[in-house]
Amino acid sequence: MRRCSGPRYSAGIMYRVFWIETQAARSEAFPADALSAALSFAEALRARRRAGESVSFVTIASEDPGQVGESGAADPRADYDWVKRRPPLRRRG
């Protein structure tokens, strides 16, 4: 398992764990193949909080380089035509 370092996102980073510790925002980056490591890291932070340490707001964010649509919902480009296909509603009766 390898962890990514540095304050900026890079191509290999897929997951980032964010938390507040002693009133300072912190984060740790993990590559795409390290979801288990990111989850374990977040759980260890939560365990520290339960033990009384000054750790709060533990969360995980992911950056999906293979996402289907564009980020955001407002003001799509004129040539953006992707729509979600949903199955028809079933009527009860």
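The values are calculated or read from the model by the stated rules, or taken from the named source; none is laboratory data. No experiment lies behind these values; they were computed from the predicted model shown. Positions of Cβ are backbone-derived with ideal geometry, glycine not excepted, and every protein chain shown enters the neighbour counts. When the accessible area is computed, the model is the full protein with side chains, heavy atoms only, and any ligands, DNA or RNA have been set aside. Shrake-Rupley method; radii C 1.70, N 1.55, O 1.52, S 1.80 Å.
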- request: Determine, yes or no, whether PHE30 is surrounded by 11 or more Cβ atoms within 10 Å (Cβ to Cβ) and modelled with pLDDT under 95.
  value: yes
- request: Can you run down the residue pairs with Cβ atoms below 8 Å, 6 or more apart or on separate chains, where the first is in the stretch 33-55 and free of Cβ contacts under 8 Å to residues at least 24 places away in the same chain and open to solvent by 80 Å² or more (accessible area, probe 1.4 Å) and the partner is in a loop (DSSP other than H, G, I, E, B) and among the charged types (D, E, K, R)?
  value: none
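Quick one: which of ALA38, ALA61 is part of a helix (DSSP H, G or I) and not aromatic (Phe, Trp, Tyr)?
Working: ALA61 fails: part of a helix (DSSP H, G or I).
Testing whether each residue is part of a helix (DSSP H, G or I) and not aromatic (Phe, Trp, Tyr) leaves just ALA38.
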